Amino acid sequence: MNDINTLYTCYETEQTMTKKDWFLYYLLNIDKVEYTDFISWFHDMRKSGVLEIA
């Protein structure tokens, strides 16, 4: 089940965090011109395989 407590690992940063923590990562580190909202960014990262369920 993909809920708020599911852990996701990023192969680029080697970090494992919950979706809530990835949201904070997005707010602090992601270019808002390229990705104007978290949902678009998260979906793209999952689709491309950058973020995988841990």
Computed over all unlike Cα pairs, the Kirkwood hydrodynamic radius of the chain in Å stands at 11.2
Write down the accessible area per residue of the chain in Å², having rolled a 1.4 Å probe over the full set of protein chains. 72
In whole percent, how big is the carbon plus sulfur part of the accessible area of the chain, probe 1.4 Å, protein atoms only? 55
Compute the angle between helix 38-48 and the longest alpha-carbon principal axis of the chain, please, reported from 0 to 90 degrees and rounded to the nearest 10. 60
Mean separation of Cα contacts under 8 Å, 6 or more apart, over the residue count of the chain: relative contact order %: 46
Those trypsin sites (Lys or Arg not before Pro) from the chain that are DSSP loop and have at most 16 other Cβ neighbours within 10 Å turn out to be Lys32
CD proxy at 222 nm, helix term only [per DSSP H run n ≥ 4: -39500 (n - 2.57); per residue of the chain; nearest 500]: -12500 deg cm²/dmol
Scan around Leu51 for amide H atoms under 5 Å from its own, H built in the peptide plane at 1.01 Å from N, and keep only partners 5 or more places away or cross-chain. Arg46
Rounded to the nearest 10 degrees, what's the angle between the helix 19-29 long axis and the longest principal axis of the chain, both from Cα atoms, 0 to 90? 30
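The values are calculated or read from the model by the stated rules, or taken from the named source; none is laboratory data. All figures in this text were calculated on a predicted structure; none of them were measured in a lab. Cβ sites come from the backbone with ideal geometry, for glycine too, and all protein chains shown count toward neighbours. Note: areas computed on protein heavy atoms with side chains; ligands, DNA, RNA excluded. Shrake-Rupley method; radii C 1.70, N 1.55, O 1.52, S 1.80 Å.
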